[in-house]
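J.: Before we start, here is the structure in question, set down as structure tokens.
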Amino acid sequence: MLAEHRADGRCAVWVEYVGSGARVELAFGSDWRVKPCEALLRRLRELAGAEAVRLLYDPQLLTDRNAS
């Protein structure tokens, strides 16, 4: 699903998994940066639920996370 949105992508992808007694935040590598569009957001919302998908734009946050 993400592969078709990777061309010239500049948006980092993060997944937060919360399960029974566990929580993990996964950062996809720079090869998985996407170019967000309504079609991608719609597919992700169908998969995970509308409340589980967020598109964040915070230049400082992106700088901090990409430095890690």
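J.: Between Glu51 and Glu4, what is 0.36 nm times their sequence separation minus the Cα-Cα distance? Round to one decimal in nm.
T.: Additional length available on full extension: 14.6 nm.
J.: Express the Stokes-Einstein translational diffusion coefficient of segment 1-48 in µm² s⁻¹, to the nearest whole number, given a Kirkwood radius over alpha-carbon pairs, 37 °C and a viscosity of 0.692 mPa s. Numbers along the way, then the final one.
T.: Details: Rh = 11.7 Å.
This corresponds to a translational diffusion coefficient of 281 µm²/s.
J.: Sorting Val34, Val15, Val53 on the 10 Å Cβ count, fewest up front, what's the list?
T.: Ascending number of Cβ neighbours within 10 Å: Val15, Val53, Val34.
All of the numbers you see were taken from the coordinates with simple rules; none came from a lab. Keep in mind the model is a prediction, meaning the values are calculated, not measured. Cβ coordinates were reconstructed from backbone atoms using ideal geometry, including for glycine residues, and neighbour counts include every protein chain displayed.
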